[in-house]
Amino acid sequence: MKILVPVKRVIDYNVKVRVKADQTGVDLANVKMALNPFCEIAVEEAVRLKEAGVATEVVAVSIGAKAVQEQLRTALALGADRAIHLETEHNLDSLQVAKLLAKLVEEEQPKLVILGKQAIDSDNNQTGQMLAALTGMGQGTFASKVVVDGDKVQVTREIDGGLQTVELSLPAVVSTDLRLNEPRYASLPNIMKAKKKPLDVKAADSLGVNLDSKVSTLKVTAPPSRKGGVIVESVAELVEKLKHEAKVI
Amino acid sequence: MTILVIAEHSNDALKADTHKVVQAATRIGGDIHLLVAGANCDNAVSAAATIAGVSKVLVADASVYSHQLAENVAALVAEIGRDYSHILAAATTTGKNMLPRVAALLDVAQLSDVIAIESADTFVRPVYAGNAIATVQSADAIKVLTVRGAAFDAAAEDNNAPVEKLDIVKDLQVSSFVSEELTKSARPELTGAKVIISGGRGMQNGENFAMLNGIADKLNAAIGASRAAVDAGFVPNDMQVGQTGKIVAPDLYIAVGISGAIQHLAGMKDSKVIVAINKDADAPIFQVADYGLVADLFTVLPEFEQQL
Ligand SMILES: Cc1cc2nc3c(=O)[nH]c(=O)nc-3n(C[C@H](O)[C@H](O)[C@H](O)COP(=O)(O)OP(=O)(O)OC[C@H]3O[C@@H](n4cnc5c(N)ncnc54)[C@H](O)[C@@H]3O)c2cc1C
Ligand SMILES: Nc1ncnc2c1ncn2[C@@H]1O[C@H](COP(=O)(O)O)[C@@H](O)[C@H]1O
């Protein structure tokens, strides 16, 4: 069984992002970039399924400029077998990403696609669901547990009220939530080995997908900032302020 | 221009988020149709008809929609959706699960977590964990949006909208419901509560979370948590507040033993008044707190409960 793992290059989650003065976006110059944390969890899950003998091959794919190859190498160091880079300078919405991934699914015929529930830059939370729609597959989103059983997969999902388990027939799409697993660190020998693993580069516009987005960003601004208030000295002072100053209790 | 809103419900009851999405839809302007897709969902339908601003309630009542599996509901919504200018759902796990699927079937983009409506084609949404706010314009024929409940008031309940039954049964047969483990609590829901008290890693274990109960009782508060507290197994996942958990904006948010990571702030920094209790005076949570108390939580929580 082959598993396809789409991964995204994003600003590192520890970085405090700054909005550009001209309001065109956030400042990405000289900012630390990383594998989207939810994608790390996706790679880990796929690699564990391979280690458990359920999967035979783990293929990582990333769509974007040349720099995404860095994140593909990370995925390879974490245990993916090979990588595909769909190269484009376009700024893509989740819909275009999902359409490109659907083309790749047609070519690669994976039994399972495991991706992140959300990219922490756009905070979209859409790509997996869209890919499932375009390919007619079932979807197990926000997964905290994945159990493959023959030609079915049971996915336990983190939902607003608690947990829900659904069963999907394979092939299927799974999107990862935080509690699915704890990703390993890439060891030095594995980072070295990753350099020799195959990484294919294809032009994204060779797949016959219209890459133009219908959504345009008019401006990007900083959120209203909150100022720290006062430090109170005691519980009594806190209660008194909440009652008489803030009037919230 | 007619807008389709997808109701959030449990068949037996309508969820409060629905009222907020309808309120957002009234900002766009035009007729509003409210779809209830479920099984034996009469109670939800009756409640839906009372929401102010709704001109018609559409009902798809069939066993294939009983657990609102995204595959089947999205196929239904996409089929009727072509006749609408906008399709809206709440930015809850149900809405986020289903609506992108609808958008893809209609070959249009989806905008997530909309917090303000500027016009019929221009919307405001947070990105980068709320550290940037984007104003985006959509040229798609059908605008598909999930709406963040915390950003809109609830529509009133003074309506008696007509109800129309739909006879569309979509069964993709690629997914089925197995089981559900829902957290039961007599407390208000996190996303609707006026007061929230949340615990973090500083609580040390699940038993200690009980220290928050007495305070929550006195303030009629919901109890939340940081990711660290959920990951450590102190409390269930549905209590997580943050960028990738629940987004809340209560009148009062009390953070106990929470450091204030960007991802946690993303979920609560729009609260009216923030209180932080933390023993580390340098914890970033104090930079957003209106009232900070630098102290050991194990000493001050019992005092706090007593003085309320
Ligand atoms: C992709 C991604 C998504 C994430 N999503 C979320 C999210 O949605 N929500 C979220 O919360 N986090 C999220 N996080 C995690 C986030 O980065 C932080 O790791 C997390 O919020 C830390 O939780 P905490 O503040 O409870 O723990 P810590 O950062 O460990 O802080 C514990 C605090 O407790 C204080 N403390 C300890 N003992 C006491 C005591 N006796 N009395 C008083 N104070 C005490 C300490 O001084 C410290 O400040 C996400 C991270 C990633 C990478
Ligand atoms: N450019 C991309 N290349 C590869 N995978 C992507 C890309 N964008 C999004 N994804 C995948 O889709 C997931 C969800 O992203 P999003 O829907 O944009 O929040 C990510 O965690 C990735 O797994």
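Just a few scattered comments:
- Tally of residues being β-branched (Val, Ile, Thr) and not in a strand (DSSP E or B) across the range B:269-308: 4
Each row is one residue, and each column tells you yes or no for (1) within 16 Å of ligand 2 (Cβ to nearest atom); (2) β-branched (Val, Ile, Thr); (3) away from every other protein chain (no Cβ under 13 Å).
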| site | (1), (2), (3) |
| --- | --- |
| A:Asn14 | no, no, no |
| A:Asn30 | no, no, yes |
| A:Asn36 | yes, no, no |
| A:Ala46 | yes, no, yes |
| A:Gly53 | no, no, yes |
| A:Ser62 | yes, no, yes |
| A:Val97 | yes, yes, no |
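- Failed item, numbered, when A:Lys111 is tested on (1) open to solvent by 20 Å² or more (accessible area, probe 1.4 Å); (2) modelled with pLDDT of 95 or more; (3) within 11 Å of ligand 2 (Cβ to nearest atom): (3)
- Residue check for A:Ser175: touching a residue at least 24 places away in the same chain (Cβ under 8 Å) and in contact with a Ser or Thr (Cβ under 7 Å, 6 or more places away or on another chain): yes
- Within the range A:26-44, the set of residues being open to solvent by less than 30 Å² (accessible area, probe 1.4 Å) and outside any loop (DSSP other than H, G, I, E, B) comprises A:Val26, A:Ala34, A:Leu35, A:Phe38, A:Cys39, A:Ile41, A:Ala42, A:Val43, A:Glu44.
- Under the condition of being more than 9 Å from chain A (Cβ to nearest Cβ) and either acidic (Asp, Glu) or within 18 Å of the chain's Cα centre (by Cα) (or both), the residues counted in the range B:55-106 number 9.
- Taken over the range B:259-275, the residue count meeting the criterion of being more than 10 Å from ligand 1 (Cβ to nearest atom) and closer than 18 Å to B:Gly245 by Cβ is 4.
- Taking residues in the range A:113-141 that are without any contact (Cβ under 8 Å) to a residue 24 or more places away in the chain, and partners anywhere that are in a loop (DSSP other than H, G, I, E, B) and away from ligand 1 (no atom under 16 Å from the Cβ), the pairs with Cβ atoms closer than 9 Å and at least 6 places apart or on different chains are A:Gly136/B:Leu172; A:Gly136/B:Val174.
- In the range A:197-215 there is at least one residue that is facing chain B (nearest Cβ under 7 Å) and open to solvent by 80 Å² or more (accessible area, probe 1.4 Å).
- Residues of the range A:134-164 satisfying the condition of being open to solvent by less than 10 Å² (accessible area, probe 1.4 Å) and either small (Gly, Ala, Ser) or within 16 Å of ligand 1 (Cβ to nearest atom) (or both): A:Gly138, A:Gly140, A:Thr141, A:Phe142, A:Ala143, A:Gly162
- Considering residues of the range B:235-259 that are away from chain A (no Cβ under 11 Å) and outside any strand (DSSP E or B) only, the residue most open to solvent (accessible area, probe 1.4 Å): B:Ser259
- Taking each residue of the range A:220-248 that is over 16 Å from B:Phe304 (Cα atoms) and looking for partners that are open to solvent by 50 Å² or more (accessible area, probe 1.4 Å) and assigned to a helix (DSSP H, G or I) with beta-carbon atoms closer than 6 Å, six or more apart or interchain, yields A:Gly228/B:Gln287.
- On the stretch given as the range B:276-307, residues that are facing chain A (nearest Cβ under 7 Å), open to solvent by 10 Å² or more (accessible area, probe 1.4 Å) and more than 9 Å from ligand 1 (Cβ to nearest atom) total 7.
- Top-ranked residue of the range B:260-275 - restricted to ones that are open to solvent by 10 Å² or more (accessible area, probe 1.4 Å) and among the β-branched types (Val, Ile, Thr), ranked as farthest from ligand 2 (Cβ to nearest atom): B:Val273
- All told, A:Leu76 falls short of being touching a Lys or Arg at 6+ places or on another chain (Cβ under 6 Å), buried (at least 24 other Cβ atoms within 10 Å of the Cβ) and not in a helix (DSSP H, G or I).
- Residue check, A:Pro189 more than 7 Å from chain B (Cβ to nearest Cβ) and without any contact (Cβ under 8 Å) to a residue 40 or more places away in the chain: yes
- Residues of the range B:184-231 satisfying the condition of being under 19 Å from A:Gly162 (Cβ atoms) and within 11 Å of chain A (Cβ to nearest Cβ): B:Lys184, B:Ser185, B:Glu189, B:Leu190, B:Thr191, B:Arg227, B:Val230, B:Asp231
- Members of the range A:18-63 found to be within 16 Å of ligand 1 (Cβ to nearest atom) and either touching a residue at least 60 places away in the same chain (Cβ under 8 Å) or of a type in the set (Phe, Trp, Tyr) (or both), listed by number: A:Asn36, A:Pro37, A:Phe38, A:Cys39, A:Glu40, A:Ile41, A:Ala42, A:Val43, A:Glu44, A:Glu45
- Among the residues examined, B:Val273 qualifies as at pLDDT 95 or above, within 7 Å of chain A (Cβ to nearest Cβ) and touching a Leu at 6+ places or on another chain (Cβ under 6 Å).
- Hits in the range A:126-143 - residues which are assigned to a strand (DSSP E or B) and away from ligand 2 (no atom under 16 Å from the Cβ): A:Gly138
- Residues located in the range A:147-170, provided they are aliphatic (A, V, I, L, M) and more than 8 Å from every other protein chain (Cβ to nearest Cβ): A:Val147, A:Val148, A:Val153, A:Val155, A:Leu170
- Residue count, the range B:76-97 (criterion: closer than 25 Å to A:Leu163 by Cβ and open to solvent by 10 Å² or more (accessible area, probe 1.4 Å)): 6
The values are calculated or read from the model by the stated rules, or taken from the named source; none is laboratory data. Here the structure is a predicted model, which means the values were calculated and not measured. Here Cβ is always computed from backbone atoms with ideal geometry, including for glycine, and neighbour counts include all displayed protein chains. We work out accessible area using only protein heavy atoms, side chains counted, and drop any ligands, DNA or RNA first. Shrake-Rupley method; radii C 1.70, N 1.55, O 1.52, S 1.80 Å.
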